[in-house]
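Colleague: Here you go, one structure.
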Amino acid sequence: MPKFHLQFKNSLPDYQPYLPFPSNSNLLVPGGLFIDPCFLSSLLDLVSPFKGSPPSKNTACVSRRQKRESVAVKDLFFLSVSLSSDGLVSEHKECQLQNELNKKNKGAVAQVQQKVRVTRRGAVNTTKHLWAGAIAAMVSRTFVAPLERLKLEYIVRGEQRNIFELVKKIALTQGLLGFWKGNLINVLRTAPFKAVNFYAYDTYRKQLLRLSGNEETTNSERFIAGAAAGITATVLCLPLDTIRTKLVAPGGEGLGGVIGAFRHMIQTEGFFSLYRGLVPSIVSMAPSAAVFYSVYDMLKSAYLHSPEGRKRIQNMRQMGQDLNALDQLELGPVRTLLYGAIAGACAEVATYPFEVVRRQLQLQVQASKMGALATGLKIVEQGGIPALYAGLIPSLLQVLPSASISYFVYEFMKIVLKVN
């Protein structure tokens, strides 16, 4: 369809211009007509409704015969005239500036919508990431709850019997469920703790990798990320751990459960009693998490860069969607369990004395409260250096399966939940 456009733009000086239109016309303003030279003069006559006036250089040429009159410039318009086989169709539109503004607005809206979609995806991914860590903690803690109970008996109650006699005593006095005593609060404490720990470590590690610009995380970056993750999780979750320790201590049965113990500590010792032992907890958890995550990552990285690991990754890529969740584990099920156990054992041995001091601090009352260093020295005076490792064997028996299961379930759940 042949088409030409009539554009008007206020490009004249400030003085009152002379226009080729009647003074009572408030429809058009200064501008010009841009058409192809090959258009016939009869066509121009058809377009222009004004006849009988010669053109002037201060006026817009709309036809070959124009009338010259003065008119004030009020509004700006864009006149679009289209020719078709059906006749002449014309319509008035606002200035092109409005169209450009609309385009910009649409672009801004599209950018906002894109940002909202990215934010939503990030929030969903974070939630799934936290759930993967929480489920790993629930499964592993419930599985090793009896060993956790034995460890606390040695640390908190100062049990002197060997492990077999202690097992017999608990079974006779409290029954089978006695081995899961305090497991609910343990799960409630450990689930958010592990969820925050795993998520914080992966987040800190990725940020450090981005800042360094390296292709792979270095061992020092893994250590720093693990320590930061341990500190973050400890600060957020220490109150639940303090309440649990209070419940399994002598006299804890009469506190009325989690809520009762919480209320008792707030009323008798104040809110900050829930954070008793925060400094030794941080001192304990920072290196523990640093060792745990860095050792596991170092073992994993070493395997994936080995010929066997490269071959496994290549086979996984070839199989693609045909692999189930277990087969998608980069280390495989057995190696994931093994590396998790090794990492857990290294972390436990390196930081166990801090754990003993932390538990003792949580049991102190306000009247006889001592600092972390004084508590550690008192433990050594009463039982020597071995007292700092009291309950290490049952603790290792608990840590080995707990660490292996937690890392295995965590890696498995990340695949099932499709965590990025």
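The values are calculated or read from the model by the stated rules, or taken from the named source; none is laboratory data. In this text, all values refer to a predicted model and were calculated from it rather than measured experimentally. Counting neighbours? That spans all protein chains shown, and the Cβs are built from the backbone with ideal geometry, glycine included. Remember, those area values only see protein heavy atoms, side chains included, never the ligands or the DNA or RNA. Shrake-Rupley method; radii C 1.70, N 1.55, O 1.52, S 1.80 Å.
Colleague: For Tyr199, what accessible surface area do you get with a 1.4 Å probe? Give it in Å², rounded to 10.
Modeller: 70
Colleague: Explain nothing, just the number: relative contact order of the range 259-350, from Cα pairs under 8 Å at least 6 residues apart, as a whole percent.
Modeller: Result for the range 259-350 is 35 percent.
Colleague: Write down the Kirkwood hydrodynamic radius of the range 154-285, to one decimal in angstroms, obtained as one divided by the mean of 1/r over all alpha carbon pairs.
Modeller: 17.2
Colleague: If r is the Cβ-Cβ distance from Ile266 to Val112 and R0 is 60 Å, what FRET efficiency results, to the nearest 0.05?
Modeller: Once the sixth-power term is evaluated, E becomes 0.85.
Colleague: I've got another one for you. Count charges around Asp327 for me, please; just the other residues with Cβ under 15 Å from its Cβ, Lys/Arg as +1, Asp/Glu as -1.
Modeller: Residues near Asp327 contribute +2 overall.
Colleague: For the range 352-419, evaluate the Debye formula with one uniform point scatterer on each Cα (no solvent term) and list log10 I(q)/I(0) at q = 0.13, 0.18 Å⁻¹, rounded to two decimals.
Modeller: Result of the Debye calculation: -0.55, -0.74.
Colleague: Turning to a different aspect of this structure: Could you list, in their original order, any pairs among Lys246/Lys378; Lys104/Lys206; Lys300/Lys378; Lys206/Lys378; Lys151/Lys378; Lys311/Lys414 whose Cα atoms are separated by more than 31 Å?
Modeller: Table pairs above 31 Å Cα-Cα are Lys104/Lys206; Lys300/Lys378; Lys206/Lys378.
Colleague: Please state, rounded to one decimal and in Å, the Kirkwood hydrodynamic radius that the range 161-228 gives when every pair of distinct Cα atoms enters the mean of 1/r.
Modeller: Taking the inverse mean of 1/r over all distinct Cα pairs, the range 161-228 comes out at 15.2 Å.
Colleague: Sort Trp131, Trp180 from largest to smallest accessible area, using a 1.4 Å probe on the heavy atoms of the protein chains.
Modeller: Ranked from most to least accessible, the order is Trp131, Trp180.
Colleague: May I pose another question? Stretch Thr126-Glu308 to full length: gain in nm at 0.36 nm per residue minus the Cα-Cα span?
Modeller: Length difference between fully extended and current span is 62.3 nm.
Colleague: Of Tyr275, Tyr407, which has the most accessible area with a 1.4 Å probe, and how do the rest follow in descending order?
Modeller: These residues rank, largest area first, as Tyr275, Tyr407.
Colleague: For the range 312-325, in order, what is each residue's ³J(HN,Hα) by Karplus, 6.51 cos²θ - 1.76 cosθ + 1.60 with θ = phi - 60°, in whole Hz (x at glycine and Pro)?
Modeller: 5, 4, 5, 5, 5, 5, 5, 6, x, 6, 6, 7, 7, 5
Colleague: To continue, here is another question. Rounded to the nearest 10 Å², what accessible area does Phe143 have for a 1.4 Å probe in the complete protein model?
Modeller: About 140 Å², rounded to the nearest 10.
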